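This report refers to the structure that appears directly beneath it.
What follows draws every value from the coordinates through simple rules; no lab data is involved. The shown structure was predicted, so the numbers you read here are calculated from the model rather than taken from an experiment. Reconstructed Cβ throughout: ideal geometry from the backbone, glycine too, with neighbour counts over all protein chains shown.
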Amino acid sequence: MSEIGRKVRKKLGVWNQEQAIFLSFHVFYPQKVTKHHILFLTLHFFKKNSEVLTFNCHFFSNFAHYKEEKVKMIDRAYMTRTLTEVLLSSLVFVSCVGTTNVQDEKEELAILNSKQDSLIMAKMGIDPASALTTIDSLEKEQIATPARLYYFRALAYKHLGKKRQTEDWCEKALRGDTLLNENLEFFYDACDIYSTVLSERNENVLALEVAIRGYDVALNDSSQTGRHWIAILLHDKGYCEMQLGKIDEAEQSFSMAYITTKQIAAANSKYSNLQMCARVAYNIVDSYTSTGQYDKAKAWLEEAEEAVAELVSSPECSKEQREGYIGGLTMQEALILVCTGEPEKANKAYQKALKMDYAETGVGILERTTYLEKAERWDELRELLPRIDSLYDAWGTPEMMEHWNQYQNKN
């Protein structure tokens, strides 16, 4: 807003469009402006700001012909003497109305988006299916942009464990740069989610491209948020590189990612930072075991255990997340130890894992199968076969079969 517009608005409390129209002339023609002027100007209000000067001059030079309203006429001699004032009045008009409209629209849109985001996120944490209903409603009313809604759908399906739908909606959300320009946080998160689900079904070339796209943007983001996502996307990048056999690049990415997450968590031990640190460390171990590099996985085991211990000690850590991290890492430890020549320690870790609820989950059963095979404990594996067959039948959907085949390929 211009300085003159700001001063006038502050002095007279002008905040709406009609008042701005009236003021732009009343300031300079206090004796000559009537309600008829306001009516006339209001009818022409929706002209573009670039046409305002022409419109004002036209209005004053031809006002004598506006006889129906019987308003006081302005002669041309007076118009000539006050042309400068007319131009100034137009500037006030533009400053009070035109610029303010653009700013107000942007502010209103930002507030609306924030309210929508908060509403959807609140439902997402309680009932992702309910969040999808809200998203559908916003789409029908054409309130939010498609890219934003695509991102929220991907997030909802991620919470529901539907990976195929998660992948599809992430792909749509990341088309073009709309989401990038609207909300960097959503853009980074979409890149992370999309890269992860692609990697889980061994589409590591595309997963790496997505991770690099997000990482390149984060590199130019000097905010704390940018630094956070540099670490996450570096970790995604490293995981894909490991699966593609780019060991040196992967190890460099992992090292940089973990150092960054440790620094962030040390500076601020809020839950999201602890979670980020645990996730990065855990997945570094997993990337090595999934590619048969058990010695290197063992070298990272202590770091992962430390990061997970800090996470699960937080009161914000849910029971499900606590058991998932501890159970998963304990099974990883058993596998690493049996594959690096320490069968007794491996068995101790395995027995510890069996006492956790995690061992009875689908993923837990698959990890037990891998451990027993590596340990050559065939009798125990034979006893587990009915559970494996049952799990295979239960996972008979195309999406679950993809997960099964991906798991078998890795192990």
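The table that follows gives values for the structure above.
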{"item": "Highest average packing first - 154-167, 345-358, 375-388, Cβ atoms within 10 Å", "result": "154-167, 345-358, 375-388"}
{"item": "Residue exposure sequence - His235, His228 - by fewest surrounding Cβ within 10 Å", "result": "His228, His235"}
{"item": "Potential extension, Glu342-Lys319 segment - 0.36 nm per residue separation minus Cα distance", "result": "5.2 nm"}
{"item": "Zone residues, the stretch 159-198, relative to Ala267, backbone N less than 20 Å from point 7 Å out along Cα-to-Cβ", "result": "184-186, 188-189"}
{"item": "Distance between modelled label sites at Ser137 and Met121, nm, 7 Å Cα→Cβ extension", "result": "1.9"}
{"item": "Dimensions in Å of the stretch 202-345 - Rg and Dmax from alpha carbons", "result": "15.2, 49"}
{"item": "Phi-based couplings in Hz for the stretch 287-296 (Karplus 6.51, -1.76, 1.60; Gly and Pro marked x)", "result": "5, 6, 5, 5, 10, x, 9, 5, 5, 6"}
{"item": "Long pairs among Lys298/Lys374; Lys246/Lys270; Lys270/Lys298; Lys262/Lys374, criterion Cα-Cα beyond 25 Å", "result": "Lys246/Lys270; Lys270/Lys298; Lys262/Lys374"}
{"item": "Separation of the Trp378 and Gln224 label points, Cα + 7 Å toward Cβ, nm", "result": "5.8"}
{"item": "Difference of contour (0.36 nm per residue) and Cα-Cα distance, Glu200 to Leu160", "result": "12.8 nm"}
